[in-house]
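What follows is a single structure, written as structure tokens, with notes after it.
The values are calculated or read from the model by the stated rules, or taken from the named source; none is laboratory data. What you are looking at is a predicted structure, and each value in this text was computed from that prediction instead of being measured. Positions of Cβ are backbone-derived with ideal geometry, glycine not excepted, and every protein chain shown enters the neighbour counts. Surface areas here come from the heavy atoms of the whole protein model, side chains and all, with no ligands, DNA or RNA. Shrake-Rupley method; radii C 1.70, N 1.55, O 1.52, S 1.80 Å.
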Amino acid sequence: MSNNPRAGIGMTSARTRGRMIERLREQKISDAMVLAAMGVVPRHLFIDQALESRAYDDTALPIGFGQTISNPYIVARMTELARNNRALQRVLEIGTGCGYQAAVLGQVAKEVVTMERIAALVGQTRKRYRDLRINNVKLKHGDGMQGYAEGAPYDAIVIAAAFAAVPEALKMQLADGGRLVMPLGDDQQVLLVVTRLGNEFVEEKLEAVKFVPLLPGVA
Ligand code: SAH
């Protein structure tokens, strides 16, 4: 037994997390490394305690500041698409929010940089990572539209907010063979995968999704 009062009992236990993994399998997530990552990261510790009992449900939840944590399926799906069965060294995420997606990426990559435009969310997530001893995810307060050139090139870039076009700066920060995954569109959105092959960018549009918008500047 852990001394941590939020270690997880009942609706937040490892067993509940196990049921989430079973559901992800039924939803056709097949990458064993992604399923293992989803099984390890304690999703209930990334949301408000009042919503904790719903943490492992197949639903997006509010995280404050008008933002949401994506549902488990979309986090797993984007991670699987970004990974594409490769070993990942460096990964960039845009839209840290509560830090859950970046923590999952941290389980399948050596190092993750995640950027968030809302300073208060960066502060909360920084504290959460310290408590959870997550050390391979770097937090940056800034406009992710410009990316983080100092850390480039990236094997994968995941954008957790929707935009009508692929931000040019981010494309240029992809490694050769690297993959960018994002929700493309404003009202109507689809999941887009961009693969960099030299200076060619191959686009593949997948299923419909619903994300909050990517916004310019910082707050
Ligand atoms: N990955 C998150 C979900 C985040 S929701 C999680 O696991 O919780 C999308 C986030 O993108 C919001 O927190 C929003 O503030 C942020 N965002 C929107 N536009 C941005 C930009 N230009 N740069 C960085 N972050 C941005």
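Report, in deg cm²/dmol and to the nearest 500, the calculated mean residue ellipticity at 222 nm for the chain, where each DSSP H run with n ≥ 4 adds -39500 (n - 2.57) and the sum is divided by the residue count. Intermediate values should be presented prior to the final figure.
Details: 6 runs with 62 residues, N = 219.
Helix-only estimate at 222 nm: -8500 deg cm²/dmol.
The heavy atoms of Val190 offer some 40 square angstrom of accessible surface to a 1.4 angstrom probe. With coordinates expressed along the principal axes, the C-alpha atoms belonging to the range 10-209 extend over 51, 36, 34 Å, beginning with the largest.
With the chain treated as a Gaussian network of Cα nodes joined by springs under 10 Å, which of Pro153, Pro42, Pro62 yields the largest mean-square fluctuation? Checking each option, the largest mean-square fluctuation is seen for Pro62.
Contour minus end-to-end for Asn71 and Met33, with contour as 0.36 nm per residue of separation and end-to-end as the Cα-Cα distance? Numbers along the way, then the final one.
Working: separation 38, 0.36 × 38 = 13.68 nm, distance 1.84 nm.
Here the answer is 11.8 nm.
Backbone phi angles across the range 33-50, fed through the Karplus curve with coefficients 6.51, -1.76 and 1.60 (θ = phi - 60°), yield HN-Hα couplings of 5, 5, 4, 5, 4, 5, x, 8, 6, x, 3, 5, 8, 9, 10, 4, 4, 5 Hz in residue order; Gly and Pro are listed as x.
Ordering Gln173, Val122, Val194 by Cα displacement along the dipole of the range 80-219 toward the positive end leaves Val122 in first place; charges were set at the Cβ atoms of Lys, Arg (+1) and Asp, Glu (-1). Counted over the range 10-209, the DSSP beta bridges are approximately 45% antiparallel. In order along the range 168-185, the Karplus-derived 3J(HN,Hα) couplings, from 6.51 cos²θ - 1.76 cosθ + 1.60 at θ = phi - 60°, round to 4, 4, 6, 3, 6, 8, 7, 6, 4, x, x, 10, 10, 10, 7, x, 9, x Hz, and Gly and Pro are given as x.
What are the equivalent ellipsoid semi-axes of the range 20-129, built from the alpha-carbon gyration tensor (square roots of five times its eigenvalues), in whole angstrom, biggest first? Mind dumping the intermediate values first?
Numbers: eigenvalues 91, 64, 22 Å².
With the √(5λ) rule applied to the range 20-129, the semi-axes are 21, 18, 11 Å.
Between Lys138, Lys127, Lys171, the Gaussian network model of the chain with springs among Cα atoms under 10 angstrom shows the greatest mean-square fluctuation at Lys127.
Near Gly142, the amide H atoms lying under 5 Å from its own belong to Glu116, Arg117; only residues 5 or more places off or on other chains count, and H is placed 1.01 Å from N. Spatially close Lys pairs in the chain, defined by Cα atoms under 23 Å apart and a spacing of eight or more places or different chains, total 12.
Less than 5 angstrom separates the built amide H of Val113 from those of Val91, Leu92, Glu93, Lys138, all sequence-distant by 5 or more or on a different chain.
Mean-square fluctuations from a GNM of the chain, with a 10 angstrom spring cutoff on Cα atoms, peak among Gln173, Gln146, Gln107 at Gln146.
Semi-axes of the range 91-136's equivalent ellipsoid from the Cα gyration tensor, sqrt of 5 times each eigenvalue, largest first, rounded to whole Å?
Over the Cα atoms of the range 91-136, the ellipsoid semi-axes are 16, 13, 7 Å.
Phi-derived couplings, Karplus 6.51 cos²θ - 1.76 cosθ + 1.60 at θ = phi - 60°, listed residue by residue for the range 86-103: 9, 7, 9, 8, 10, 10, 10, 10, 10, x, 4, x, 7, x, 5, 4, 5, 5 Hz, with x used for Gly and Pro. Label-to-label distance, Ala50 versus Glu22, with points set 7 angstrom from Cα along the beta-carbon direction: 3.1 nm.
How long are the semi-axes of the equivalent ellipsoid of the range 114-189, taking √(5λ) for every eigenvalue λ of the Cα gyration tensor, in whole Å from largest down? Show your work: numbers first, answer last.
Details: eigenvalues 106, 54, 24 Å².
In descending order the semi-axes read 23, 16, 11 Å.
Close amide H contacts of Ile69 (hydrogens built in the peptide plane, cut-off under 5 Å, sequence separation of 5 or more or a different chain): Leu61, Ile63. Distance from the alpha carbon centroid of the range 109-154 to that of the range 10-38 works out to 25 angstrom.
For the chain, the longest principal axis of the alpha carbon atoms and the long axis of helix 72-83 meet at an angle near 40°.
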